[in-house]
Every structure is written in C-alpha cells, then in structure tokens.
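The values are calculated or read from the model by the stated rules, or taken from the named source; none is laboratory data. Just so you know, these numbers come straight off a predicted model, no measurement behind them. Cβ placement follows ideal geometry from the backbone for every residue including glycine, while neighbour counts extend to all protein chains displayed. Surface areas here come from the heavy atoms of the whole protein model, side chains and all, with no ligands, DNA or RNA. Shrake-Rupley method; radii C 1.70, N 1.55, O 1.52, S 1.80 Å.
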Amino acid sequence: YLHTQFHRRNPLPAGETHPIVDRVDGSGKYVGTYLAWGVNRPGWWGEGEIKFYLDGDREYPTICGTGTEDYFGGAWNFDVPGQGYTAYSTPYLGLHQVLGPDGLYRSQQRFGMYRWHVQDPIRFHTDLRVDIQALGWKSEQRYQPLHDDIASTAFLYLDTPTGAGPDL
C-alpha cells in the first residue's frame, strides 16, 4: 500500500533533526522524498546528512548520506560556476525550484528538490525512520546548526493499509 508522510518545522528547533518519516512499523520499501527548504539565514545550508534507520536501528542509521546536496544530486552547493544556484531536473532527482532573495527586502532563499528511489528502493522488514540534519557552513571550516523552514513529503510502500505515521 502506498503511504505518505508530510512534516513541516518552521523554524526547526535548535539541536533537532527534521523528521521525514516518523517511525513506521511493518515491511516495505521507501521510494521517494520531496523537500521544500526555506533558508532563514545567509550562507550555505546543505551540509546536513539524510539518515535512514532500518529494522531496529536506534542510535546509528544503516544508511547515512554525505550531505543534502549529494542526496539530491547537486554536489558542490548546487552551483554552476559563475551562475550560482542552478535548477535542474532528471527522472529520479532534481533541484527544480530556486527562489532567490528579491533584492528589495532581501527575502530568504527557497528551494524545492526531489529524489525518487524507483531504481534503488530502500527496503525494510520491521520498521523505518528517516530524518535530515539542518547544517550549514560558517568560517574556519565549521558547521553551522540551522533553524530553517523545512517541509517534506515521503513516499513509501508498506505491507499494511494503516500505520504509516502521524496525522497531519
């Protein structure tokens, strides 16, 4: 059965990760992520790791990404040299929406991105939890915890018609 979970945090509280999938029980496969990210401060925002906790994982995930931009296929800051953030779209992943500051009131940047696991589903047998860190970059090679506006929709197949998570 196809299930979805939607989550939004604005702002994401200090020290917390953004939940993409609250724990679901059962057997199934994870097949996609849509993420809308509103940056609430200047600077680079995409260093956070996406983490898939499978089949009893508690503290450490089975799958841990290397950064938001890598998971969505846009390594090196989603940047085309000399052009800045550049939207792109492929059948399985993309950064299809880039909304920059308007220059007048310096509104925050907004991004829409997706990753479909059609060719590479993430299978689980007993339970699943997925989250993503909100980490940016600041001077002297240090990470910057962020308090951004993050909304996500996850898509997964589960062996039962109910139990795919919290109510909206």
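Which residue is most open to solvent (accessible area, probe 1.4 Å), if the candidates are limited to the range 31-66 and must be among the basic types (Lys, Arg) and under 16 Å from Val21 (Cα atoms)? Outline the logic, then answer.
Keep residues of the range 31-66 that are among the basic types (Lys, Arg), which gives 41, 51, 58.
With under 16 Å from Val21 (Cα atoms) added as a condition, the list becomes 51, 58.
Details: Lys51: 35, Arg58: 138 Å².
The selected residue is Arg58.
In the range 95-117, what residues are on the phi > 0 side of the Ramachandran plot and open to solvent by less than 70 Å² (accessible area, probe 1.4 Å)?
Gly103 - this is the single residue of the range 95-117 that is on the phi > 0 side of the Ramachandran plot and open to solvent by less than 70 Å² (accessible area, probe 1.4 Å).
Residues in the range 74-89: is at least one in contact with a strand residue (DSSP E or B) (Cβ under 6 Å, 6 or more places away or on another chain) and under 14 Å from Glu47 (Cα atoms)?
The answer is yes, given that some residue of the range 74-89 is in contact with a strand residue (DSSP E or B) (Cβ under 6 Å, 6 or more places away or on another chain) and under 14 Å from Glu47 (Cα atoms).
Would it be correct to say that Pro91 is part of a loop (DSSP other than H, G, I, E, B) and over 16 Å from Tyr34 (Cβ atoms)?
no
Report the residue count in the range 1-21 for those that are part of a strand (DSSP E or B) and more than 17 Å from the chain's Cα centre (by Cα).
Qualifying residue count for the region: 2.
Quick one: what pairs do we get from the range 34-61, first residue at positive phi, second crowded, with 18+ Cβ neighbours inside 10 Å, C-beta under 7 Å, 6+ apart or different chains?
Gly43/Gly136; Asp55/Phe124
Which numbered condition in (1) open to solvent by 20 Å² or more (accessible area, probe 1.4 Å); (2) over 17 Å from the mean Cα position of the chain (by Cα); (3) not charged (D, E, K, R) is the only one that Val24 fails?
All conditions are met except number (1).
Would you call Gly136 open to solvent by less than 70 Å² (accessible area, probe 1.4 Å), within 18 Å of Trp45 (Cβ to Cβ) and modelled with pLDDT under 95? Even if it seems obvious, please write down each step before you answer.
Working: open to solvent by less than 70 Å² (accessible area, probe 1.4 Å): yes; within 18 Å of Trp45 (Cβ to Cβ): yes; modelled with pLDDT under 95: yes.
Yes; evaluated as a whole, the condition is true for this residue.
Phe72 passes all but one of (1) touching a Gly at 6+ places or on another chain (Cβ under 9 Å); (2) open to solvent by less than 90 Å² (accessible area, probe 1.4 Å); (3) farther than 19 Å from Arg8 by Cβ; which number fails?
That leaves (3) as the condition not met.
I'd like to check something: does the range 118-127 contain any residue that is more than 18 Å from Phe72 (Cβ to Cβ), open to solvent by less than 50 Å² (accessible area, probe 1.4 Å) and not hydroxyl-bearing (Ser, Thr, Tyr)?
yes
How many residues are surrounded by 16 or more Cβ atoms within 10 Å (Cβ to Cβ) and among the acidic types (Asp, Glu) when one looks only at the range 139-148?
1
Please verify whether Tyr85 is closer than 30 Å to Thr160 by Cα and of a type in the set (Ser, Thr, Tyr), treating the condition exactly as stated.
no
Between residues in the range 88-114 that are among the acidic types (Asp, Glu) and residues that are open to solvent by 90 Å² or more (accessible area, probe 1.4 Å) and modelled with pLDDT under 95, which pairs lie under 7 Å by C-beta distance while being six or more apart or on different chains?
Between residues of the range 88-114 that are among the acidic types (Asp, Glu) and residues that are open to solvent by 90 Å² or more (accessible area, probe 1.4 Å) and modelled with pLDDT under 95, there is no close pair.
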